[in-house]
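S.K.: Okay, handing you the structure first.
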Amino acid sequence: MTSRPSIAFAKFAAPKKGSVFVLAANDGGLGDAAKACDPAKTLERAFPVADFSGKFAGLVEVLAPEGTSLDRLVAVGAGKVSGLDDHAWLKLGGTITTSFRKATEVAVVLDLPGADVGGSQAAQLAAGILLRSYAFDKYKTKKENGDGQRDGNKAEPKKPVKVTIHTTDPGAAKKAFADEVAVIDGVLLARDLVNEPANILGPVEFAARVNELEALGVTVEILVEKEMKKLGMGALLGVAQGSPRGARLAIMRWNGGKAKDSPIAFVGKGVTFDTGGNSIKTASGMEDMKGDMGGAAAVTGLMHALAARKAKANVVGIVGLVENAVDGHAQRPGDIVTSMSGQTIEVLNTDAEGRLVLADALWYCNDRFQPKFMVNLATLTGAIMVALGQHYAGLFSNNDELANRLTSAGQATQERVWRMPLGTEYDKLIDSKNADMKNIGGRYGGAIIAAQFLQRFVKDTPWAHLDIAGTAIGAPSSEINQSWASGFGVRLLDRLVRDNYEG
Ligand code: BES
Ligand code: MN
Ligand code: ZN
């Protein structure tokens, strides 16, 4: 089983016997402290042969080098002498992780000519190692042999690799890393929730996972059907009624800010499985719908991150948890439900269920907390993938300042968002003959229509909707993620809060 690397920071020192020794080099070569390490010469000799010029993310490896007790020497390119941004350091951490393989001890030396590698850079690198090391393999009972095949032997837990990062200011690195770990743990929690199959993780089980955040000082309330019924949440409950598994609304509160400050709020779609209901999906790819709670997972991961790093902000997280299943009780196309807002909805397609769940969750959030703003996250439409592919989430907002802040946070974390339009021409496409609105529009602009629907439940509160259908699940593998679930949204929103709403 994969186990999490343990990470320490230290001043420059000789690595332990049998270590994998990783030296960062930029286009000026190695720094003086790196050069002073005994095996540096052996490694440098390989640079021209390997055509290594310090180019970003380039790797050179020398195996079992003569004259040292080290197992492997690795140089990794840190790019130009002019330096790297935060995200590049994160990616570099992910990149060097590929060179660890079966190592139990790794020493990384961060000493670059002309570049100032401070605590925050070292911390980002360490965070990249943790993100890249994640694998969802808890259900693999057979051990992997060298060829990536699983043989018949029972998996033994792999010894966690010990990584020591040698840098000029280990104290500063350690301090910066403590905050990073809070965020990374939030990302990994979100990935775990999304990867978990729906037979194991239904609404009730998800709510139990949310409850665990109380250990970090988060206040958690879980509403059950009876309470939601009393509140009039007919839209959310209509989705849930075809499943025997029950619905939950989980409310998380982190009060790290001033008592009088109104909170900021995050709301997540938590459809633990989406069959489509009576408007049933086709078989091919339906298994991906275990990840239809990616928005709720991101909100839960974010609350973990904020509480674990004791963010100085008042934050509310709300997740609407249902299974969209189909049995004799399931809602039918043409059914009309009344939402908590009092607005009626004609459900013309039971597969457009996420917006129904969010309609009540957003209304509840606004009504109870009067937040400064609300950001909701949802794997809401296939249409957003048609529009943006898998590298940007769709951003819809009624507020330019909030939209701009999200865009900047997206650039900084490389969890990027692209703003899409809203407007009355689109809004009228969901007017219904038989009720206040219908839950689908016409053939075109499906992601926008879904956003227009949500906007009918937010009044004038500054609001943004992130359609993460393309970015949260089926993630293309990257330097910092090899798993199907990316945990998209946690780093983005942590950054939004950090840069704009603390202190
Ligand atoms: N959960 C899906 C959207 C989705 C699709 C997320 C693929 C991730 C990957 C959502 O509930 C849905 O079914 N949307 C429909 C809406 C349509 C019926 C208007 C869609 O996108 O096809
Ligand atoms: Mn659906
Ligand atoms: Zn869905």
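S.K.: Would you mind checking the tilt of helix 119-133 against the longest principal axis of the Cα atoms of the chain, expressed as 0 to 90 degrees and rounded to 10?
M.R.: Around 70 degrees separate the two axes.
S.K.: Contact order normalised by length for region 183-501, with contacts defined as Cα pairs under 8 Å and 6 or more residues apart; what percent is it?
M.R.: So the answer I get is 23 percent.
S.K.: Determine the order of 139, 134, 426, 444 by accessible area, beginning with the largest, at a probe radius of 1.4 Å.
M.R.: 444, 139, 426, 134
S.K.: Angle, helix 294-308 long axis vs. longest principal axis of the chain, Cα atoms, 0 to 90°, nearest 10?
M.R.: Between helix and principal axis, roughly 60 degrees.
S.K.: Amide H of residue 273 versus every other amide H placed in the peptide plane: which residues, excluding those fewer than 5 positions away on the same chain, fall under 5 Å?
M.R.: 324
S.K.: Pull up the DSSP beta bridges for the chain and report the antiparallel fraction as a percent, rounded to 5.
M.R.: DSSP beta bridges in the chain are roughly 40 percent antiparallel.
S.K.: Counting only other residues whose beta carbon sits under 13 Å from that of residue 112, what net charge do I get with K and R as +1, D and E as -1?
M.R.: That sum, taken over residues with Cβ under 13 Å, equals -2.
S.K.: Give the ranking of 391, 465, 87 by solvent-accessible surface, highest area first, calculated with a 1.4 Å probe.
M.R.: 391, 87, 465
S.K.: Size of the dipole of the chain about the Cα centre, Lys and Arg at +1 and Asp and Glu at -1 on the beta carbon, nothing else charged, in debye to 20?
M.R.: Dipole about the Cα centre, nearest 20: 720 debye.
S.K.: Sticking with this structure for a sec: How much accessible area does residue 196 have with a 1.4 Å probe, in Å² rounded to the nearest 10?
M.R.: Accessible surface of residue 196 is approximately 10 Å².
S.K.: I'd like the orientation of helix 446-455 relative to the chain: the angle between its Cα long axis and the longest Cα principal axis, in ° from 0 to 90, rounded to 10.
M.R.: That helix lies at roughly 70 degrees to the long axis.
S.K.: Counting only protein heavy atoms and using a 1.4 Å probe, what share of the accessible area of the chain belongs to carbon plus sulfur, as a whole percent?
M.R.: 50 percent
S.K.: Accessible area per residue of the chain at 1.4 Å probe, in Å²?
M.R.: Ligands and nucleic acids excluded, the figure is 41 Å² per residue.
The values are calculated or read from the model by the stated rules, or taken from the named source; none is laboratory data. Bear in mind that the values here come from a model prediction, so they are computed numbers and not experimental data. Using ideal geometry, Cβ is built from the backbone for each residue, glycine included, and neighbour counts are taken over all protein chains shown. Accessible surface areas use protein heavy atoms only, side chains included; no ligands, DNA or RNA. Shrake-Rupley method; radii C 1.70, N 1.55, O 1.52, S 1.80 Å.
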